[in-house]
Amino acid sequence: MSLGYKDFASRNPGARLGPVVAVIASYMEADNIGAVLDAMPASVAGLDVTTLVVVDGGEDGTEQIVGSHGALCAVLPVNMGQGVALRLGYQIALRNGARYVVTLDADGQNDPREIPQLLDPILSDKADFVIASRRLGRDETTDRFRQAGVRLFSLVVNRLTHQNLTDTSNGFRALRIEVLADVNLEQDQYQTAELIISAAARGWRLAECPTVWHPRASGTSKKGHNLLFGARYAMVVARTWWRERRALPERA
Ligand SMILES: Nc1nc2c(ncn2[C@@H]2O[C@H](COP(=O)(O)OP(=O)(O)O)[C@@H](O)[C@H]2O)c(=O)[nH]1
Ligand SMILES: [Mg+2]
């Protein structure tokens with residue numbers, strides 16, 4: 001049992017999760033998480049949505065805010081990284097009967113009102129894993145360096161996986177639970193590319209959905225300076241490709 005699961009079980013005794021579980025990893029987002037939770041849909045296409053916030057350390061009172069909004073909460077004792085927090089969320093979803101998992105950020109950059117569009121290709125059996133795209137939709141941020149990074153990393157990940165994706169670093173996603181049961185996830189922080197490469201290597205159907213990428217509601221990125229972010233992200237892509245390379249198709 002992974003770190004944090006016991007905390008979840010004792011914090012939410014007898015919790016029943018809906019068929020759709022929205023997992024939000026949150027690190028020091030007390031000022032932003034309330035508005036995200038307010039915008040969460042109660043159900044999608046007749047399926048109940050349970051929102052699960054994984055609080056990744058921090059003493060800013062996020063868990064009280066989550067509780068007061070009626071969402072479920074799991075708390076990691078210290079900051080472990082977004083990858084660790086999401087893996088805990090996936091594990092909770094897997095063990096408690098979820099059929100679909102949605103992930104989104106805690107800082108207001110993704111709009112929960114777009115979750116139905118994100119899930120639609122999965123519910124209509126056209127895809128197993130849908131990734132939101134600010135490039136097919138709209139990017140309301142202005143950081144040119146980040147925007148170039150989004151393009152560059154999409155290019156690289158597409159080359160390695162023979163996909164045709166436009167926004168591989170977007171954390172707003174929907175997946176069938178079977179995909180999460182199947183993939184190999186090890187990255188503790190920069191996990192977006194790992195999930196795509198691992199899912200593509202196992203033959204799951206990937207698709208995209210145009211969405212709007214909003215500026216952070218408040219505060220600054222937790223992921224570090226752009227150059228550092230880029231270098232770490234590149235390392236994750238390289239490592240995951242090396243690990244999965246035998247399973248990836250030769251060409252599309
Ligand atoms: N659990 C966890 N979440 C994190 C961590 N760093 C960032 N996040 C969350 O991941 C999401 C995206 O992080 P952010 O700092 O906004 O990265 P950016 O949008 O790529 O600049 C937000 O919801 C953060 O709260 C971390 O160390 N642990
Ligand atoms: Mg952000």
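The values are calculated or read from the model by the stated rules, or taken from the named source; none is laboratory data. In this text, all values refer to a predicted model and were calculated from it rather than measured experimentally. In this analysis, Cβ positions are derived from the backbone assuming ideal geometry, glycine residues included, and neighbour counts consider all displayed protein chains.
A quick yes/no check of all residues on (1) within 16 Å of ligand 1 (Cβ to nearest atom); (2) assigned to a helix (DSSP H, G or I); (3) in contact with a Leu (Cβ under 8 Å, 6 or more places away or on another chain); (4) not basic (Lys, Arg):
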position	(1), (2), (3), (4)
134	yes, no, no, no
156	no, yes, no, yes
163	no, no, yes, yes
169	yes, no, no, yes
193	yes, yes, no, yes
208	no, no, yes, yes
Checklist entry - Among the numbered criteria (1) free of Cβ contacts under 8 Å to residues at least 12 places away in the same chain; (2) over 21 Å from residue 25 (Cα atoms), which single criterion is violated by residue 128? => result (1)
Checklist entry - What residue, among those in segment 171-191 that are in a loop (DSSP other than H, G, I, E, B) and away from ligand 2 (no atom under 16 Å from the Cβ), is farthest from residue 243 (Cα to Cα)? => result 188
Checklist entry - Going through segment 103-144 one residue at a time, which ones are touching a helix residue (DSSP H, G or I) at 6+ places or on another chain (Cβ under 8 Å) and more than 16 Å from ligand 2 (Cβ to nearest atom)? => result 127, 128, 129, 130, 135
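Given the condition among the β-branched types (Val, Ile, Thr), more than 16 Å from ligand 1 (Cβ to nearest atom) and either touching a residue at least 24 places away in the same chain (Cβ under 8 Å) or out of contact with any Leu (no Cβ under 6 Å at 6 or more places or on another chain) (or both), answer yes or no: does some residue in segment 216-237 qualify? Quick ask: steps written out before the conclusion?
Looking only at segment 216-237, we keep the residues that are among the β-branched types (Val, Ile, Thr), and these are 220, 236-237.
Narrowing the set further to residues that are more than 16 Å from ligand 1 (Cβ to nearest atom) leaves none.
No, there is no match, as no residue in segment 216-237 is among the β-branched types (Val, Ile, Thr), more than 16 Å from ligand 1 (Cβ to nearest atom) and either touching a residue at least 24 places away in the same chain (Cβ under 8 Å) or out of contact with any Leu (no Cβ under 6 Å at 6 or more places or on another chain) (or both).
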Checklist outcome for this item: Note on residue 68: of the conditions (1) away from ligand 1 (no atom under 16 Å from the Cβ); (2) hydroxyl-bearing (Ser, Thr, Tyr); (3) under 19 Å from the mean Cα position of the chain (by Cα), unmet is (3)
Checklist entry - Restricting the search to segment 204-252, which residues are away from ligand 2 (no atom under 16 Å from the Cβ), among the charged types (D, E, K, R) and out of contact with any helix residue (DSSP H, G or I) (no Cβ under 7 Å at 6 or more places or on another chain)? => result 205, 208, 239, 243, 245, 246, 250, 251
Item to check | Filter result for the condition that a residue is within 20 Å of residue 188 (Cα to Cα), surrounded by 15 or more Cβ atoms within 10 Å (Cβ to Cβ), at pLDDT 95 or above and not polar (S, T, N, Q), over 199, 207, 234 | outcome: 199
Next on the checklist: Considering only residues that are touching a Gly at 6+ places or on another chain (Cβ under 7 Å) and within 10 Å of ligand 1 (Cβ to nearest atom), which ones fall in segment 30-55?
Outcome noted: 32, 36, 54
